[in-house]
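Have a look at the structure below before the remarks.
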Amino acid sequence: MTISNVEIGRVLVVGGGGRLGGLLRCAWRMAGQGGLVWQHRGAGDGPCFDALTDAAAYAGAAAGADAILNLAGRVGGDVAALAGHHDLALAALEAGRTAGVARVFLASSAAVYGVPVGPARESDPIAPVSDYGRAKAGMEAAAHDWVAAHPDGPAVTCLRIGNVAGADQLLGAASGEGPQMLDVFADGSGPARSYVGPMALAGMLADLFAAQRAGRALPDLLNIALDGPVPMEALLAADGRAWRPRAAPATLVREVTLDVARLGAVLGPIPVADAAAIVADLRQVSGPGA
């Protein structure tokens, strides 16, 4: 999938040093996307500050921005480490308030849904089953409480992002010498998940930033993924990876699908998820010359 440069104004991206941030940075660079300002904590271009300990520098970096995108936060670790998602969200909102930013976009996760029955909609009750999912759910609740207490802004949109190819544990895993292991169920099939490639994700986010700059109303919760689930064995096959089955644990969720109707109402029709297309998308930002 290719994306084009759209007018987003100025967006401060916080926490771009992780795997997801690296993929997005590459995708936006390939698209020639302007308007992005990347925070760092010691090495890189753009403002240098710690989002949790330097509120003045954070607000200064956000001055003149149309939006803040927060990607920061641990994926693993204990409950105490994951509690940082709550603090990072409130730090972004406070910096946005001081700087007069209109909206803060917070990277959340499909993990907040836990074990959904059918495609998960933003209006459905959430029941996370992992510490990471509970941390993201707590982050969302804290952000919405903050917005309710600060009607002068900024607004918030929590982005419940599905699996991102290359930042996930499947296609993001290094190809080893032997076959990759895949948990499979009794019928021989593997788990199915909502996915999005990094190029597609970068395009969706840029379009959301452009909509924000244009003054369009945006929801406070948005599922972010392609339309429909993708079997993990199909992704491995499309990537040409050899794999071996192993019995799925009883706790493994067979399918997590995000309903993207709300996203489509904002951005227009969302492409149907296809394993080959997702792998091709990833290879654009991870292949030679990327």
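Quick one: length gained pulling Ala217 to Ala127 fully straight, 0.36 nm per residue minus the C-alpha distance?
Working: separation 90, 0.36 × 90 = 32.40 nm, distance 2.75 nm.
Stretched fully, the Ala217-Ala127 segment lengthens by 29.6 nm.
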Which label marks the calculated value of P(r) over Cα pairs in 10 Å bins from 0, in percent, given the options (i) 6, 28, 37, 22, 6, 1; (ii) 7, 28, 34, 24, 7, 1; (iii) 6, 19, 24, 25, 17, 7, 2, 0?
(i)
Expected output is a single nm value to one decimal: the length gained when fully extending between His150 and Gln169, i.e. 0.36 nm times separation in residues minus the C-alpha distance. What is it?
3.1 nm
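Given the rule -39500 (n - 2.57) for each run of at least 4 DSSP H residues, summed and divided by the residues of the chain, what is its mean residue ellipticity at 222 nm, to the nearest 500 deg cm²/dmol? Kindly include the intermediate steps, with their values, before the conclusion.
On the way: 9 runs with 102 residues, N = 290.
Here the helix-only value at 222 nm equals -10500 deg cm²/dmol.
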Suppose the chain between Arg41 and Ala80 were pulled fully straight at 0.36 nm per residue; how much longer would it get relative to their current alpha carbon spacing?
11.9 nm
Taking one equal scatterer on every alpha-carbon of the stretch 222-277, how large is log10 of I(q)/I(0) by Debye at q = 0.14, 0.26, 0.27 1/Å?
-0.51, -1.04, -1.07
If only Cα atoms are counted, what is the Rg of the stretch 109-223, and what is its Dmax, in Å?
17.2, 56
The FRET efficiency for Arg29 and Ala55, from their Cβ-Cβ distance with R0 = 25 Å and rounded to 0.05, is 0.25
Rule-of-thumb Rg ratio for the stretch 1-92 [Cα; 2.2 N^0.38 Å; N residues]:
1.12
For Pro119, what is the net charge nearby, where nearby means another residue's Cβ is under 10 Å from its Cβ and Lys, Arg count +1, Asp, Glu -1?
-3
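Counting pairs of Cα atoms in the stretch 80-154, how many percent are more than 18 Å apart?
Values: 1192 of 2775 pairs.
Considering the stretch 80-154, 43 percent of its Cα-Cα pairs are separated by more than 18 Å.
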Whole-Å distance, taken between Cα centres, linking the stretch 178-224 and the stretch 231-290:
8
Based on alpha-carbon atoms only, what is the radius of gyration of the stretch 187-290 relative to the globular estimate 2.2 N^0.38 Å?
1.25
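Once the mean 1/r over all distinct Cα pairs of the stretch 46-95 is inverted, what Kirkwood radius in angstroms do you read off?
11.6
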For the stretch 206-254, what does the convex hull of the Cα positions come to per residue, in cubic angstrom?
125
If every Lys and Arg gets +1 and every Asp and Glu gets -1 at its Cβ, then about the Cα centre the chain yields a dipole, in debye to the nearest 20, of 320
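Just to be sure I understand the rule: take each whole DSSP H helix in the chain, project its Cα atoms onto its long axis, keep it if the span is 15 Å or more and its mean Kyte-Doolittle hydropathy is at least -1.0. Which ones pass?
On the way: long enough: 19-31 (18 Å, 0.32); 84-99 (22 Å, 0.06); 131-149 (27 Å, -0.34); 198-213 (22 Å, 0.84); 275-286 (16 Å, 0.97).
For the chain, where a helix must reach 15 Å along its axis and average at least -1.0, the hits are 19-31, 84-99, 131-149, 198-213, 275-286.
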Along the Cα→Cβ direction, 7 angstrom out, place labels at Arg262 and Ala186. What is the inter-label distance in nm?
3.6
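Taken together, the values in this text are just the output of simple stated rules run on the coordinates, not laboratory data. As the structure is a computational prediction, the values presented were derived from the model and not from experiment. Using ideal geometry, Cβ is built from the backbone for each residue, glycine included, and neighbour counts are taken over all protein chains shown.
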